[in-house]
Structure formats: structure tokens, C-alpha cells
Amino acid sequence: MKFATRLVHFDASPDDPYQPMATPIYQTATFEQDAADSFGRYDYSRSGNPTRRVLEDQVAALEGGSRGFAFASGMAAITAVARLLKTGDEILADWDLYGGTTRLFAKVLNRSGITVRYVDAADANVLDAAITPATRLIFVESPTNPLLRVLDLAAIAAVAKQHGILFCVDNSTMSPYLQNPLALGATIALHSATKFLCGHSDVTGGMVVVNDDALAQEIHFVQNAEGNALAPFDSFLLLRGLKTLKLRMDAQQSNAEKIAQFLAKHPKVNAVHYPGLASHPGYGVQTRQARGGGAVVGFTVGSQALAKQIAEQTKLFKIAVSFGSVTSTISIPYAMSHASVPVEDRAARGIPQDLLRLSIGAEDVDDLIEDLSSQLG
Ligand SMILES: *Cc1c(COP(=O)(O)O)cnc(C)c1O
């Protein structure tokens, strides 16, 4: 079956005698056991819950993995992956990462003696040369957030495989509709489900998908032991949002392409970062490994004051962190989503202070362009 069909045709309620079309919300903490010394299919919702399991199986199927795990947020999902490491292990990460990920790496993982080094993963040779015997995990996003650089995931996967180390791709900016990291050789595909999987700004969630039974067992062990799995109601909302992933993405991506073209031609815009533009340096790789440029667009306007003015005066673009919603948003990463990047890292990264990031929604594109146009002058 094709992707659009798979989004709406799946077993919404395994073993349910009433065959509901929508997955019921199993709002229960515990499940009665048949006997004192044997567990049934489910016993306690921290360990497993039927609503969550349908979501986990569906996202795993869409990502081409064997097992998925749903967490309370994208950060909880990243934390679970980090738990695969122990004291003395090292993460090698691309330098352009979501601010909260950098914060977790620098200020939480350091407490357990896990170190993180940043490299420019756009060059697989640089990455290869940076690997040490302590390196246990390569962690990247592509396209990266907020600069929308494109990394060659198959090339990085080859390096990881050669060294026998884990390779996790944060696929939040693409969703499984546009890019499948496991098929490109990654060992772990990860999502902030808060973004495109949800699509409606009404849930925070995170997903980890793997294709290896031993790895799946380890992640499940962590999910159960630490108790940060997604709640049944939030799992239901995500399942509901997910059904329209293709419809939303097609509309939002098509809007984003038109907006990127509009911005690229505008005299007040200095640079446009959108991997769906043929002028983007990563366009070739993006075209090979993904099915479009997505719906996040970055652009610079020359001064932080002008960026602030545009962000504050657009009417349809709401000033908000996050992305992926059907409602368009605008943000200044330097001051918002990436304010949590430790200052010492922020300077080295060169996130421009005049960078605006748009998450393009499902509105009529003419209205969106008019809104931007009236503020850009
Ligand atoms: C938002 C985001 C996260 C964190 O996800 P939350 O659901 O906010 O915890 C991680 N990675 C990327 C790329 C993100 O955009």
C-alpha cells in the first residue's frame, strides 16, 4: 500500500470485539491479571498501554522500523536514546542542533560522565576522522534546525557502520512522509512528535523507532524503568493527527516552496535557507534522500531589529517556538528556540541574530505572502 493509504488503514484497535474505526483511549493505569504469577498482554501503563502501542506500531511501520516507542516529549525520546550510553562514552554530534538537545547534552548528560563533541557532519570524512574509541553514538538532524543544512545521511550511516556505533537521526523537520532515516542506514529514527506528526499544536510527544530487536528491548527497558512514556489521551490525539500527515504536508510544503521563492526574490531578504530551493547548497543531497524540502523556511533580513519587527507585526504568522502546525508561525531562533543553547556554544555556532524561521501552515498561500510582503515593505 502507498503511504496515504497506510496513514488511514491500519489496525486501529487490535483484539477489540467492536472493531472501532478510531483507537479507544485506554485511560487506565493498571490491568487485571488472570493469575497472581502471570501477566496478561498489559499489566501497567508505564510498561505498556494499548492506545500507546497502536501509535508506536503505526509510527514504526511508517518509518520502516520494527518497533517504535512513544515518549512524553521529543526531549524525553532523546533522553531515552542517551540512556543507551554509559559513563566514559562519547556522542559525536553535528553542530547545528535543536537548542534543547544541546542543553541536554551539555548540562545533563555531563552529570553521568557522558561527553559530547560537535563536528561538521556535512563532511563525512571530517566525521570519520573525529571518531575515537569512546564514540558510541552519532547524533544529527537533517535538515538541521535552525539553519536547514542538509547532511548526507547514507554517507554518515556508512561511517557509523564501519565503526560499529549507533547512528541516530532526529527526523522532526521531515516526518516519515518525506524522509526515512532507517532506510538510509541509520540505527535510530527519532521525532519530536510535537511537530509534524501531531500537526495541530495540541500535544507534546516524542518517538524513537528502531529496526533491531536487541536495541528495541533496551529502549523498552528504559521507557519502562524511567516512566516517561506518552499518556493514553496524548497517544490518541497523535493517532488522530497522524492520519492527515500527507494532506497537511503536501499543502504546507507546497506553500513553503512558494514562500521560499517569494523571499528569494525579495530585495530586503539577504539569504533564504530552504532545502527545496534549487539554489540551496544541499539541494542535490536533499533530492536524493528525501521527498521535498519540507515546510520550515529560514531567512535573514540584515538586522535583529528588523527581524524583531517582522516577527511582531505579521498577523497570520504567530510568534511561537516549535514548528509543524497547520497554523503558520514565525520565530527568531537566536532569541527563542535556541536561547537554551549555552552561550559559549552559541557564539561558535554562528546562528545569525537576524535569522527568522517560518513554519508554514495550511493557510491560503496568497494570504501568507501578503502578510510577509506587507511587513517586508
Ligand atoms: C522540538 C524539537 C525537539 C524537542 O522536542 P519536544 O517535543 O519539544 O521535547 C527535538 N528535536 C528537534 C529537531 C525539534 O525541533
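Looking only at the stretch 55-103, residues that are hydroxyl-bearing (Ser, Thr, Tyr), at pLDDT 95 or above and within 11 Å of the ligand (Cβ to nearest atom) come to 3 in all. Per the conditions (1) more than 30 Å from Val54 (Cα to Cα); (2) touching a residue at least 12 places away in the same chain (Cβ under 8 Å); (3) assigned to a helix (DSSP H, G or I), the sole criterion not satisfied by Ala251 is (1).
Within the stretch 137-146, none of the residues are away from the ligand (no atom under 13 Å from the Cβ) and free of Cβ contacts under 8 Å to residues at least 24 places away in the same chain.
Taking the criterion of being surrounded by 17 or more Cβ atoms within 10 Å (Cβ to Cβ), of a type in the set (A, V, I, L, M) and free of Cβ contacts under 8 Å to residues at least 60 places away in the same chain, the only residue of the stretch 340-371 that qualifies is Leu356. Counting only helices (runs of 4 or more DSSP H) that sit wholly inside the stretch 11-109, those with at least 3 residues that are of a type in the set (Val, Ile, Thr) are 50-63, 74-82. Reported count of residues in the stretch 21-40, each being under 30 Å from the mean Cα position of the chain (by Cα) and of a type outside the set (Gly, Ala, Ser), is 7. Considering only residues in the stretch 300-320 that are of a type in the set (Lys, Arg) and within 17 Å of Ala362 (Cα to Cα), the one that is surrounded by the fewest Cβ atoms within 10 Å (Cβ to Cβ) turns out to be Lys315. Scanning the stretch 321-376 for residues that are of a type in the set (A, V, I, L, M), over 22 Å from the mean Cα position of the chain (by Cα) and farther than 15 Å from Ala307 by Cα gives Val343, Ala347, Ala348, Val365, Leu368, Ile369.
What do you reckon, is Ala154 over 23 Å from Glu90 (Cα atoms), surrounded by fewer than 24 Cβ atoms within 10 Å (Cβ to Cβ) and either at pLDDT 95 or above or within 12 Å of the ligand (Cβ to nearest atom) (or both)? Taking the combined requirement at face value, the residue does not satisfy it. Annotation: Phe323 fulfils all but one of (1) touching a helix residue (DSSP H, G or I) at 6+ places or on another chain (Cβ under 9 Å); (2) closer than 30 Å to Asn110 by Cα; (3) crowded, with 17+ Cβ neighbours inside 10 Å; the unmet one is (1). The numbered conditions (1) surrounded by fewer than 19 Cβ atoms within 10 Å (Cβ to Cβ); (2) in contact with a helix residue (DSSP H, G or I) (Cβ under 7 Å, 6 or more places away or on another chain); (3) at positive phi are all true for Lys268 except (3). When the stretch 173-211 is examined, which residues are found to be more than 10 Å from the ligand (Cβ to nearest atom) and of a type in the set (Ser, Thr, Tyr)? The answer is Ser175, Tyr177, Thr187, Ser201. Checking each residue in the stretch 127-147 for being within 23 Å of Val341 (Cβ to Cβ) and in a loop (DSSP other than H, G, I, E, B) picks out Ser142, Pro143, Thr144, Asn145, Pro146, Leu147.
The values are calculated or read from the model by the stated rules, or taken from the named source; none is laboratory data. Note that the structure is predicted; figures quoted are calculated from it, not measured. Cβ atoms come from the backbone with ideal geometry, glycine included; neighbour counts cover every protein chain shown.
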